[in-house]
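Chemist: Questions regarding the structure given below will be posed in turn.
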Amino acid sequence: MMPERWTNWAGNLRCTCDVAAPRNLEELCQIVKRAAGSGRRLRAAGGSYSWAPLVPSDVIIRLQQLDRVLRIDARARTIEVECGVRVDALTRAAAERGLTVVSPTLFPKPTVGGAIAVGAHGTDFMNGGMEDAIVALTMVDAAGNVRVVHKDDADMGAAQVALGTLGVIYSVTLQLEPQYDVATEIRILPVKRVLAEFEDLQASCDFLEMFWFPFQDDMWVYIMNRTQAPRDPSTWWSRLRTRVNTAIQDVASQRLIPWIARHAPRLTPVLNSLASRMAFQAGLSVKPASKAFHFQRAYAKCWEMEYAVPSAEAARVWRAGIELVEHYAKSGLYPVNLALHGRFTGASKGWIAPNHGRPTCYIDVTTAMGTPHWEGFFRELEGRWCEIEGARPHWGKVFFQVDRVRHQYEHMERFLTVRESWDPERVFLNRYLEESIFQLPPNGGAAMTAS
């Protein structure tokens, strides 16, 4: 292990710590055993895409070298991968066998271990998330021993989404589905109509996703259904158009929008109008599921806050976001210059998954790095969203009301009992998790020194 200055993808988190990058399970066990034996805290980092301070610690394990597909059982429709495998690599490996992943993340670059640890999600009314497709988790506990949790084990509800606090995930075995095709109808609909007809809209399709660019009267709605219709042909022209559109989105989100946010914020409504016209194209397409859900290819560094609310409250949570954006604009303030984005899932079985126990509407608000007034806006919007009963933040994204989170989960005490039994010395907790999120009393265990 070598000391270095660790920084997350967004650049808002950093700490000086020892960093290790195991190449196999044996090395991972040795690293955990040494760190725990020396009284230091340890956290694992996947793609480091989280804005929340889940990772800073005394020792950080980078998991990128644990990136192998270990086995695929086509008959049982299962796949086992190491935790550092990216979601897009997982999807490709499954597709090569005529299979597909259940409820994969929209952005395909996070690691499988990281995505599962925080309950990252896709859009699927019938499923909670990838964590609900887990057949088995192979983990390294605080003693450096290998433990396997199977889907019917008593601790699986805690292990499914655990924020990396039970142990370090080494590998994940997932239940897959046979590959199927998805018909995606991209429609531009009036905002007022969507808010008025949310229940009907949710009932009309298998998968639903939507985007609203600030100050627009319409929003883009992805209405997706399983289909047996013929797939769209893959031509050189369609591939070229996809690459060009991705390049344009990348330049706009990483350079143009941040520059306008800092130097000419009053141009934000004009820019959003152009972005709304250029980002999407109305129409119908048919693609395999392994491709249909991964349409976000450009992801600029930004600030992003996401909340999960009961799906029955979809109109209310969306209305709160839209109204606050427009309220700020009346004062000449434009803290949101990317989009509000919504997805819907079924109920997750993970005890501390944000969508645990109920059908859920996820809504996120995104703005470019360097945008003035973003934090004040996010805090105020979070306050409005938290007025909705059952509102829970995405574990890996920006949120400020940390003191209330523990009380939003009916099984939190049950989760913490399991967590403490796995890791009584709190090797896998940093100060943020121990004091702010879980609000645990001191236990005289390992000291946390990283900041």
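The values are calculated or read from the model by the stated rules, or taken from the named source; none is laboratory data. This is a predicted model, so every value here is computed, not measured. Ideal geometry is used to build each Cβ from the backbone, glycine not excepted, and the neighbour counts take in all protein chains shown. Ligands, DNA and RNA are stripped out before the accessible areas are found, and what is left, the full protein with its side chains, is counted by its heavy atoms. Shrake-Rupley method; radii C 1.70, N 1.55, O 1.52, S 1.80 Å.
Chemist: Of all residues in region 215-240, which are touching an Asp or Glu at 6+ places or on another chain (Cβ under 8 Å) and not in a helix (DSSP H, G or I)?
Modeler: At the first step, the residues of region 215-240 found to be touching an Asp or Glu at 6+ places or on another chain (Cβ under 8 Å) are 215, 221-229, 231, 238.
Phe215, Val221, Tyr222, Ile223, Met224, Asn225, Arg226, Thr227, Gln228, Ala229, Arg231, listed by residue number.
Chemist: Checking the structure you have, find out if any residue of region 63-84 is under 19 Å from the mean Cα position of the chain (by Cα), on the phi < 0 side of the Ramachandran plot and without any contact (Cβ under 8 Å) to a residue 40 or more places away in the chain.
Modeler: Yes; the residues of region 63-84 include at least one that is under 19 Å from the mean Cα position of the chain (by Cα), on the phi < 0 side of the Ramachandran plot and without any contact (Cβ under 8 Å) to a residue 40 or more places away in the chain.
Chemist: Also: Tell me the residue from Leu267, Leu271 that is among the hydrophobic types (A, V, I, L, M, F, W, C), open to solvent by 50 Å² or more (accessible area, probe 1.4 Å) and more than 25 Å from the chain's Cα centre (by Cα), please.
Modeler: Answer to the selection: Leu267.
Chemist: Same structure again: Using beta carbons and a limit of 7 Å, which pairs, at least six apart or on different chains, have the first residue in region 135-147 and more than 13 Å from Ser421 (Cα to Cα) and the second one aromatic (Phe, Trp, Tyr)?
Modeler: Once the first residue is more than 13 Å from Ser421 (Cα to Cα) and sits in region 135-147, its partners that are aromatic (Phe, Trp, Tyr) give Thr138/Tyr170; Met139/Tyr170; Val140/Tyr170.
Chemist: Another question about this same structure. Mind checking which residues of region 386-442 are aromatic (Phe, Trp, Tyr) and open to solvent by 10 Å² or more (accessible area, probe 1.4 Å)? Break it down into steps so the answer makes sense when it comes.
Modeler: Step one: filter region 386-442 for residues aromatic (Phe, Trp, Tyr), giving 395, 399-400, 409, 415, 422, 428, 432, 438.
Within region 386-442, Phe399, Phe400, Tyr409, Trp422, Tyr432 qualify.
Chemist: While we're here: Considering only region 1-100, give the strands (runs of 3 or more DSSP E) lying wholly within it that have at least 2 residues that are of a type in the set (D, E, K, R) and under 19 Å from Tyr432 (Cβ atoms). Quick ask: steps written out before the conclusion?
Modeler: Working: elements: 2-7, 14-20, 42-45, 59-62, 69-73, 78-82.
Answer list for region 1-100: 14-20.
Chemist: On the given criteria, is Thr100 buried (at least 22 other Cβ atoms within 10 Å of the Cβ), over 21 Å from Glu306 (Cβ atoms) and β-branched (Val, Ile, Thr)? Spell out how you get there, then give the answer.
Modeler: On the way: buried (at least 22 other Cβ atoms within 10 Å of the Cβ): yes; over 21 Å from Glu306 (Cβ atoms): yes; β-branched (Val, Ile, Thr): yes.
Spelling it out, Thr100 is indeed buried (at least 22 other Cβ atoms within 10 Å of the Cβ), over 21 Å from Glu306 (Cβ atoms) and β-branched (Val, Ile, Thr).
Chemist: Moving to a separate point now. What pairs can you find where one residue is in region 328-345 and within 17 Å of Trp259 (Cα to Cα), the other is part of a strand (DSSP E or B) and hydrophobic (A, V, I, L, M, F, W, C), and their Cβ atoms are less than 7 Å apart, with a gap of 6+ or different chains?
Modeler: The qualifying pairs are Val336/Val365; Asn337/Ala368; Leu338/Cys302; Leu338/Ala368; Ala339/Phe211; Ala339/Trp212.
Chemist: Open to solvent by 10 Å² or more (accessible area, probe 1.4 Å), among the β-branched types (Val, Ile, Thr) and touching a Cys at 6+ places or on another chain (Cβ under 8 Å): does that describe Val146?
Modeler: Values: open to solvent by 10 Å² or more (accessible area, probe 1.4 Å): yes; among the β-branched types (Val, Ile, Thr): yes; touching a Cys at 6+ places or on another chain (Cβ under 8 Å): yes.
Answer is yes for this residue.
Chemist: Evaluate the following for Ile61: is it under 30 Å from Val402 (Cβ atoms), open to solvent by less than 10 Å² (accessible area, probe 1.4 Å) and not small (Gly, Ala, Ser)? Can you show your working first?
Modeler: Details: under 30 Å from Val402 (Cβ atoms): yes; open to solvent by less than 10 Å² (accessible area, probe 1.4 Å): yes; not small (Gly, Ala, Ser): yes.
Against the criterion (under 30 Å from Val402 (Cβ atoms), open to solvent by less than 10 Å² (accessible area, probe 1.4 Å) and not small (Gly, Ala, Ser)), Ile61 qualifies.
Chemist: Still on this structure, please answer the following. List pairs: first residue in region 23-44 and farther than 19 Å from Thr165 by Cβ, second residue among the hydrophobic types (A, V, I, L, M, F, W, C) and open to solvent by 40 Å² or more (accessible area, probe 1.4 Å) anywhere in the structure, Cβ distance under 9 angstrom, at least six positions apart or on different chains.
Modeler: Listed by first residue and then by second, the contacts come to Leu25/Val146; Glu27/Ala21; Arg34/Met1.
Chemist: Right, here's the next one. Which ones in region 394-451 are in a loop (DSSP other than H, G, I, E, B), at pLDDT 95 or above and aliphatic (A, V, I, L, M)?
Modeler: Here is the first cut: in region 394-451, the ones in a loop (DSSP other than H, G, I, E, B) are 394-401, 409-411, 423-430, 438-451.
Then keep just the ones that are at pLDDT 95 or above; that gives 394-401, 409-411, 423-430, 438-440.
Residues satisfying the conditions are Val398, Val427, Leu429, Leu440.
Chemist: If I filter region 274-286 down to residues being in contact (Cβ under 8 Å) with a residue 12 or more places away in the chain, open to solvent by 20 Å² or more (accessible area, probe 1.4 Å) and over 23 Å from the mean Cα position of the chain (by Cα), which single residue comes out as nearest to Arg86 (Cα to Cα)? Break it down into steps so the answer makes sense when it comes.
Modeler: First, the residues of region 274-286 that are in contact (Cβ under 8 Å) with a residue 12 or more places away in the chain: 275-276, 278-286.
This time we only want the ones that are open to solvent by 20 Å² or more (accessible area, probe 1.4 Å), so: 275, 278-285.
Checking the rest, the ones that are also over 23 Å from the mean Cα position of the chain (by Cα) come to 275, 278, 281-285.
Details: Ala275: 29, Met278: 28, Gln281: 28, Ala282: 30, Gly283: 30, Leu284: 29, Ser285: 26 Å.
This residue is Ser285.
Chemist: Out of the residues in region 149-187 meeting the condition of being among the β-branched types (Val, Ile, Thr) and under 30 Å from Arg226 (Cβ atoms), tell me which one is surrounded by the most Cβ atoms within 10 Å (Cβ to Cβ).
Modeler: Among residues in region 149-187 that are among the β-branched types (Val, Ile, Thr) and under 30 Å from Arg226 (Cβ atoms), the one surrounded by the most Cβ atoms within 10 Å (Cβ to Cβ) is Val161.
Chemist: Name the residue that is nearest to Tyr180 (Cα to Cα), counting only residues in region 223-239 that are open to solvent by less than 90 Å² (accessible area, probe 1.4 Å) and free of Cβ contacts under 8 Å to residues at least 24 places away in the same chain. First the steps, then the outcome.
Modeler: Within region 223-239, the first condition is being open to solvent by less than 90 Å² (accessible area, probe 1.4 Å), and the residues that meet it are 223-225, 227, 229, 232, 234-235, 238.
Now narrow it down to the ones that are free of Cβ contacts under 8 Å to residues at least 24 places away in the same chain: 234-235, 238.
Values: Ser234: 17, Thr235: 21, Ser238: 21 Å.
Restricting to residues being open to solvent by less than 90 Å² (accessible area, probe 1.4 Å) and free of Cβ contacts under 8 Å to residues at least 24 places away in the same chain, the top hit is Ser234.
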